[in-house]
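Data block below; observations after.
The values are calculated or read from the model by the stated rules, or taken from the named source; none is laboratory data. Everything numeric here is computed off the predicted structure, so don't read it as measured data. Cβ atoms come from the backbone with ideal geometry, glycine included; neighbour counts cover every protein chain shown.
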Amino acid sequence: MATRAETFAAPANARVRLGPGAIERILSALVLAVVAAAIGYGWVQRADRAINPEHGIGYALGIIGGVTMLILLTYPIRTRSRAVGSVGFWFRLHMLLGLLGPLAILYHSRFSWGALNSAVALGAMIVVAGSGLIGRFFYARVHRGFSGRKLELRALKEEMDALLEDMEAHGFPRAQLMASLQPFEDRAIAAAASFWTSAGAVIGLGIESRFAQRRMLSSLPDSGGPDGAALRSGMVRFFDAARRTAEYAFYDRLLRLWHLFHLPLFFVMVAAVILHIVAVHMY
């Protein structure tokens, strides 16, 4: 049977496997890199008149971009229904289309503002796309949920408590260390009380926990064998979980505020695009 130290700290020679979260981050970075490269290429080639917004591929790109942006409405509809596919899948599709749609529109516009109606539509689209990237940043920090953060924090503290119980015979001050950890757990959980409490915890708890982590690690004896190494690893993970728990409360409130602005901005963009289409075909 594996010891507590073996279950708490993975062996150094264990093969590192990428989890779903890591794979998603890598794919997201690749997509962003490709989109950024396409934007850079289009900006450099913006003087090339091969693409005409009124004919051929330029006109088609405008239609593709407009339809893609309209498809984005399927995400809020999906979150309120039981349609096919998970909410996570539709959110990722929403983010992907939110990048590809504006990219098509930028090529359609030849990276220029054009007439007043075109400038308004393009400006609204850029604002909405930028808002979407900000929302993705917030979502990445809250998708696990507050209850999941609290459970992780408490589980780590319980595992360290179990290790310290075994190590008391080696002179490790179990009661003193656990008493030092408890305030950080309490403050991380209390950060959910209000917006300003969470904002203060992100800064205050972040700074204090790093100082406490360094101080407590330096106070641990070098001896202790596998249990001592596991304790050090667990302490680092505990303080990291405490910071992420406090950050969750803050970013969760920012995400809620973001939702209040993002959807109205999207409808403003739709109205501007409709006005642009009407103006282009009537005049």
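Kindly check whether there is at least one residue in the stretch 68-91 that is surrounded by fewer than 13 Cβ atoms within 10 Å (Cβ to Cβ), out of contact with any strand residue (DSSP E or B) (no Cβ under 8 Å at 6 or more places or on another chain) and modelled with pLDDT of 85 or more. No - not one qualifying residue is present in the stretch 68-91. Is it fair to say Leu254 is surrounded by fewer than 17 Cβ atoms within 10 Å (Cβ to Cβ) and at pLDDT 80 or above? It is false that Leu254 is surrounded by fewer than 17 Cβ atoms within 10 Å (Cβ to Cβ) and at pLDDT 80 or above.
Right, Ile203: without any contact (Cβ under 8 Å) to a residue 12 or more places away in the chain and of a type in the set (Val, Ile, Thr) or not?
Working: without any contact (Cβ under 8 Å) to a residue 12 or more places away in the chain: yes; of a type in the set (Val, Ile, Thr): yes.
Yes, satisfied.
Let's see how each residue does on (1) assigned by TED's automatic domain parsing to the domain that holds Ser109; (2) at pLDDT below 80:
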| residue | (1), (2) |
| --- | --- |
| Pro226 | no, yes |
| Arg232 | no, yes |
| Val236 | no, no |
| Phe239 | no, no |
| Thr245 | no, yes |
| Ala249 | no, yes |
| Pro264 | yes, no |
| Phe267 | yes, no |
| Val270 | yes, no |
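Number of residues in the stretch 22-42 that are within 20 Å of Arg110 (Cβ to Cβ) and of a type outside the set (A, V, I, L, M) equals 3.
When the stretch 104-122 is filtered for residues that are at pLDDT below 85 and part of a helix (DSSP H, G or I), the ones remaining, listed by number, are Leu116, Asn117, Ser118, Ala119, Val120, Ala121, Leu122. Here the stretch 192-206 is the region considered, the condition is being more than 18 Å from Ser180 (Cα to Cα) and small (Gly, Ala, Ser), and the residue that is surrounded by the most Cβ atoms within 10 Å (Cβ to Cβ) is Ser198. If you scan the stretch 234-248, which residues turn out to be under 17 Å from Gln182 (Cβ atoms) and aromatic (Phe, Trp, Tyr)? Selection gives Phe238, Phe239. With respect to the stated conditions, Ala37 is out of contact with any helix residue (DSSP H, G or I) (no Cβ under 9 Å at 6 or more places or on another chain), farther than 27 Å from Ile274 by Cβ, of a type in the set (Gly, Ala, Ser) and in a helix (DSSP H, G or I).
The set of residues in the stretch 44-56 being within 37 Å of the chain's Cα centre (by Cα) and either surrounded by 13 or more Cβ atoms within 10 Å (Cβ to Cβ) or on the phi > 0 side of the Ramachandran plot (or both) consists of Gln45, Arg46, Ile51, Pro53.
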